[in-house]
Amino acid sequence: MKVVIDAGRCNGHGRCYSLAPALFDADDSGRGVVVGDEVAADQLDAARAAIANCPELAITIADHSATQH
Ligand code: SF4
């Protein structure tokens with residue numbers, strides 16, 4: 001599993017990196033960026049909390065087994 005931020009939607013509210021600092025960080029302008037590639041199993045709840053709390057609905061979760069053959 002992987003989280004993805006749609007940079008076109010992100011408005012830099014910072015909820016993601018406040019709620020899930022292991023998964024997200026801030027760039028120079030305070031917008032969220034994804035840290036690392038894979039969401040560890042113990043970070044799934046944090047990932048879901050960030051997705052649910054992003055005011056811009058900018059975060060999605062991708063299961064890349066669905067895109068690999
Ligand atoms: S919570 Fe959403 S809008 Fe805010 S920084 Fe994170 S991705 Fe961007």
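Quick note: the coordinates plus some simple rules give every number you see, no bench work behind them. Keep in mind the model is a prediction, meaning the values are calculated, not measured. Virtual Cβ from ideal backbone geometry, glycine too; neighbours counted across all protein chains shown.
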Practice item. Could you tell me whether any residue of segment 45-63 is free of Cβ contacts under 8 Å to residues at least 40 places away in the same chain and near the ligand (Cβ under 8 Å from one of its atoms)? Key: yes
Point to revise | Complete set of residues in segment 1-12 that are surrounded by fewer than 16 Cβ atoms within 10 Å (Cβ to Cβ), of a type outside the set (D, E, K, R) and either near the ligand (Cβ under 8 Å from one of its atoms) or within 21 Å of Ala41 (Cβ to Cβ) (or both) | key: Met1, Val4, Asn11, Gly12
Check your understanding: Restricting the first residue to segment 25-40 and requiring it to be in contact (Cβ under 8 Å) with a residue 12 or more places away in the chain, which pairs with a second residue that is charged (D, E, K, R) meet a Cβ separation below 7 Å and a spacing of at least six or different chains?
Key -> Val33/Asp25; Val33/Asp27; Val35/Asp25; Asp37/Lys2; Glu38/Lys2; Val39/Lys2
